[in-house]
Amino acid sequence: MKLLVLGMLVLVARTNSWGQLEFPEEKVSWKFTVEQEGDEATIIGTITMIEHWHVYAVHLPEGSFTLPTTVELKKSPNFKTVGKVIEPKPIYERDEMADEDLYYHSHTVKLKQKIKVLSENDFSLTGTFGFQTCDDTHCLPPFETEFTVKVKGAKPVEADSENIEDTFVNVKGDEAKDKEGTSYVKVNEEWHAVPEGNSIAFYKKYLKLGGSHE
């Protein structure tokens with residue numbers, strides 16, 4: 001099977017053999033959902049292509065001429081992304097005519113992006129989904145659209161003070177840091193996480209003066 005890699009990118013739409021205009025959103029459909037457990041959530045894009053059509057992989061070899069499928073989340077203080085977009089193993093094919101290695105998906109695939117929820121309140125997450133779809137003979141113009149999903153807020157789980165030292169990778173007297181880089185201070189024989197934006201010295205003094213860590 002020979003797949004066209006280049007060309008037809010400047011067209012707004014493509015005319016098929018019956019004289020009808022073809023649009024990318026007629027060949028590909030998508031739905032974005034969320035799977036969540038506490039402050040760990042996964043944004044899942046279910047992408048479906050009609051028979052004989054495909055989209056290219058998310059992760060392509062360096063120097064590839066094909067356009068990757070993209071899932072990008074708009075930055076927000078409500079969450080942070082964890083790792084890169086996860087995709088199933090793509091179909092591989094060598095296009096000798098174009099002298100190109102092709103990696104693509106057909107039928108239905110699920111693309112996943114893990115996030116860590118930082119907000120205690122529910123929020124809407126916005127992202128963009130982009131792709132180029134092709135069949136055996138031609139490609140349609142690149143297409144991009146926005147999507148929005150609802151994410152539940154998650155209250156941070158406080159570590160057990162009896163076992164919290166097991167998470168420390170650096171301890172100096174009454175100060176410590178855990179594996180994620182969070183700083184802790186020990187006041188009245190109890191470890192307390194230093195809130196973001198506070199210095200260790202300030203927060204230690206604050207607690208010693210009777211301030212609450214709640």
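Where a number appears in this text, it was derived from the coordinates with a stated rule and is not lab data. Keep in mind that this is a model prediction, so the values were computed, not measured. Heads up, the Cβs are rebuilt from the backbone with ideal geometry, glycines too, and the neighbour counts pull from every protein chain shown.
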Exercise. Across every pair of different alpha-carbon atoms, what Kirkwood hydrodynamic radius in Å does the range 54-127 reach?
Worked result: 14.4
Problem set entry | Most positive-pole-ward Cα, Tyr184, Gly127, His54, against dipole of the chain from beta carbon charges | Tyr184
For this session: From the C-alpha gyration tensor of the range 78-207, pull out the three semi-axes of the equivalent ellipsoid (sqrt of 5λ each), sorted largest to smallest, in whole Å.
Result: 48, 18, 12
Exercise. Going down the table (Lys84/Lys152; Lys74/Lys112; Lys116/Lys204), which pairs top 19 Å between alpha carbons?
Worked result: Lys84/Lys152; Lys116/Lys204
Seminar exercise, completed: Here FRET efficiency (C-beta to C-beta, Arg94 to Glu25, R₀ 41 Å, nearest 0.05) is 0.90
Exercise. How far, in nm, would the chain grow between Lys80 and Lys172 when pulled straight, counting 0.36 nm per residue and subtracting the alpha carbon separation?
Worked result: 30.2 nm
For this session: Obtain the nm distance between the two label points defined at Asn188 and Thr145 by a simple spin-label model: each point lies 7 Å from its Cα along the Cα-to-C-beta direction.
Result: 5.7
For this session: Mind telling me which of Lys172, Lys110, Lys74 comes out most flexible in a GNM of the chain, alpha-carbon contacts under 10 Å?
Result: Lys172
Seminar exercise, completed: Note: the range 164-208, point scatterers on Cα, Debye, no solvent; log10 I/I(0) at q = 0.16, 0.28 Å⁻¹ equals -0.35, -1.06
For this session: Return the Rg/Rh value of the range 14-151, two decimal places, where both radii are evaluated on C-alpha atoms and Rh is the Kirkwood radius.
Result: 1.02
Problem set entry | Size of charge dipole - the chain - debye, nearest 20, with Cβ of Lys, Arg +1 and Asp, Glu -1, no other charges | 480
Exercise. How far apart, in nm, are the 7 Å Cα→Cβ label points at Lys152 and Thr128?
Worked result: 3.1
